[in-house]
Amino acid sequence: MRYTIYAVLALFIALTAVGAEAGELKPFKGAVMASDFITQDLKGQKARFTTFQGKVVMLNFWATWCSTCRKEMPSMEALHQAYKNKGLVVLAVSQDQVSARTVQAYVDELKLSFPVWHDRDGLVGRQYSIPGVPVSYLIGADGRIAYRVTGEYDWFGTEARAAVETLLAARR
């Protein structure tokens, strides 16, 4: 029993430690394709990642209890608003074990207009080997992971917008 408590505590520390510092946009080494996955949207409907095939995607893993996730959401919304008509999809995948209704309340509170999906069992998070939340990937229109950010990041900053614009230009 004692080891179980320590294991849960260690997992909690690992998941929250990622969000403790500002993230850095790092190029992803190698030609790694983003994995397809199926989860649910907040209405309980099946949602499949390949829906966005041929688009540049900013894929974000987050949770409602994560304070650094909350801090970066406004910059994600700003990025979405600036580039949604230019071929960028901002997609946030909640890692919460709470109900979709609770996640939807969070989305409504922050007035988020980009797609938010719910990975209640953490299967997609495990598939992408996320070390905690927030973690984000910039994926080119060719499906290759171009950048990764672990931790909070300013998605509307100069560096992020330049990376997005480079990926959008490459798809033409």
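The values are calculated or read from the model by the stated rules, or taken from the named source; none is laboratory data. Because the structure is a prediction, the values reported are computed rather than measured. Cβ: placed from backbone, ideal geometry, glycine included. Neighbour counts: every protein chain shown.
From 117, 155, 62, which residue is under 11 Å from the mean Cα position of the chain (by Cα), of a type outside the set (Asp, Glu) and within 20 Å of residue 25 (Cα to Cα)?
Among 117, 155, 62, only 62 is under 11 Å from the mean Cα position of the chain (by Cα), of a type outside the set (Asp, Glu) and within 20 Å of residue 25 (Cα to Cα).
Being more than 18 Å from residue 28 (Cα to Cα), surrounded by 17 or more Cβ atoms within 10 Å (Cβ to Cβ) and of a type in the set (Phe, Trp, Tyr): is that true of residue 83 here? Taking the combined requirement at face value, the residue satisfies it.
Per the listing 108, 96, the residue uniquely of a type in the set (D, E, K, R) and loosely packed, with under 15 Cβ neighbours inside 10 Å is 108. Sub-7 Å Cβ pairs linking a first residue in segment 74-89 that is within 10 Å of residue 114 (Cα to Cα) to a second residue that is of a type in the set (Phe, Trp, Tyr) and part of a helix (DSSP H, G or I), at least 6 apart or interchain, are 89/52, ordered by first then second residue. Against the test of being of a type in the set (A, V, I, L, M), in a loop (DSSP other than H, G, I, E, B), touching a Gly at 6+ places or on another chain (Cβ under 7 Å) and modelled with pLDDT of 95 or more, the options 98, 149, 133 yield a single qualifying residue, 133. Looking across segment 152-162, just one residue is part of a helix (DSSP H, G or I) and buried (at least 19 other Cβ atoms within 10 Å of the Cβ), and that is 160.
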